[in-house]
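A quick write-up on the structure given underneath.
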Amino acid sequence: MSNLKITEVALRDGSHAISHQFTVEQVTSITKALNEARVPYVEVTHGDGLGGSSLQYGLSRTDELKLIEAAVGFADFSKISVLLLPGIGTIEDLKVAENLGAKMVRVATHVTEADVSKQHIETAKELGMETVGFLMMSHMAPVEKLVEQAKLMESYGADVVYVTDSAGALLPHEVKERIKALKQELSVEIGFHAHNNLSLAMGNTLAAIEEGATRIDGSVRCLGAGAGNTQTEVLVAVLEKMGIDTGIDLYKMMDLAENIVAPILPQPQEITKNSLTLGFAGVYSSFQVHANRAAKKFNIDSRDILVELGKREVVGGQEDMIIDVAAELAKAKSLV
């Protein structure tokens, strides 16, 4: 497993947890520490990727391009990565990010919509960027469909294709069957991105590695949407106990988590009733903050909103539905 590489996602996925309020100083200090700990990839963008700062997804405190530029300036070992969701980010956004020094892009689509990534993946390859296909909400498609969509991303030129458990809803055996199927059918590297909403991020990550995934995501101090992702410093320690050398300095990751990231967290990352409901209902992890706001506005239980969103199979990009669902539930409650 000497080819196992970790991407740190706290400066992107963690943006959800702090309502996209990262400052240049925070990004600089975290990137500097990650670079010194020799983390291979560091992802920096709005939680919903390039162009994500909006009323629908949440306005960033700081222009994401300034955050990317700041991170690049302190990363002489780590490669700075960006996320792009077609329909939110554009090819022009990608070109600007590459010009600022981003070396990798992860082009993310819903698990059944890989076809919308074609021009973005092809453009990234033309720009000389390492390019990743990121199949979000992978629990929502059968294995055969997942393989079909992954093959599309591979055909467009993706260097890596990810099984992305955006809701933290997959169980270990489900992760294994998905990674195994992609390993059998694709020739590119396979990655896995977990969320900890069912307390399975670490277990699912190890299951993915056992089946041959070589690109793994983590978030330091579990700083990510919902209950966070696989905790990077813990993952490094576990892998070392397994005899897998990640090349990452464990003590430096511990210090970063304790001294720099922990003070930024509005509250400790833990499995709350809402994040547990995300995994149980199979709902996009970034919906937690939006559901909480809607629940307060309409004086209803946020869990009822999340469960109903799960029943309707609402996915990322449909955040406007959260208010609609909350209003419907509040009206139904008033009639009882």
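The values are calculated or read from the model by the stated rules, or taken from the named source; none is laboratory data. Since the model is a prediction, treat every value here as computed from it, not as a measurement. No Cβ is skipped: glycine too gets one built from the backbone with ideal geometry, and neighbour counts run over all protein chains shown. Ligands, DNA and RNA are excluded from the accessible area calculation, which covers all protein heavy atoms including side chains. Shrake-Rupley method; radii C 1.70, N 1.55, O 1.52, S 1.80 Å.
Of everything listed in (1) open to solvent by less than 30 Å² (accessible area, probe 1.4 Å); (2) closer than 17 Å to Gly168 by Cβ; (3) in contact with a Phe, Trp or Tyr (Cβ under 6 Å, 6 or more places away or on another chain), the single unmet condition for Ala326 is (2). List the residue pairs whose Cβ atoms are under 7 Å apart, where the first residue sits in segment 217-239 and is without any contact (Cβ under 8 Å) to a residue 24 or more places away in the chain, the second is surrounded by fewer than 24 Cβ atoms within 10 Å (Cβ to Cβ) and aliphatic (A, V, I, L, M), and the two are 6 or more positions apart or on different chains. Correct list of pairs: Ala237/Leu250. Just one residue in the set Ala257, Ala281 is farther than 30 Å from Met140 by Cβ and buried (at least 16 other Cβ atoms within 10 Å of the Cβ); that residue is Ala257.
Residue-wise test of (1) within 25 Å of Thr23 (Cα to Cα); (2) in contact with a strand residue (DSSP E or B) (Cβ under 9 Å, 6 or more places away or on another chain).
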{"site": "Cys222", "(1), (2)": "yes, yes"}
{"site": "Glu233", "(1), (2)": "yes, yes"}
{"site": "Pro266", "(1), (2)": "yes, no"}
{"site": "Asn274", "(1), (2)": "no, no"}
{"site": "Ala281", "(1), (2)": "no, no"}
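Reported count of residues in segment 118-139, each being assigned to a helix (DSSP H, G or I) and either more than 20 Å from Asp13 (Cα to Cα) or open to solvent by 60 Å² or more (accessible area, probe 1.4 Å) (or both), is 9. For the structure I just gave you, tell me whether Ala262 is on the phi < 0 side of the Ramachandran plot, exposed (fewer than 15 other Cβ atoms within 10 Å of the Cβ) and either touching a Lys or Arg at 6+ places or on another chain (Cβ under 8 Å) or in a loop (DSSP other than H, G, I, E, B) (or both). The answer is yes for Ala262. Apart from one condition, Ala150 fits all of (1) buried (at least 18 other Cβ atoms within 10 Å of the Cβ); (2) in contact (Cβ under 8 Å) with a residue 40 or more places away in the chain; (3) more than 15 Å from the chain's Cα centre (by Cα); (4) within 30 Å of Leu200 (Cβ to Cβ); the exception is (2).
Test Glu313 against the stated conditions and say whether it is open to solvent by 50 Å² or more (accessible area, probe 1.4 Å), within 30 Å of Ile30 (Cα to Cα) and either modelled with pLDDT under 95 or part of a helix (DSSP H, G or I) (or both). So Glu313 fails the test.
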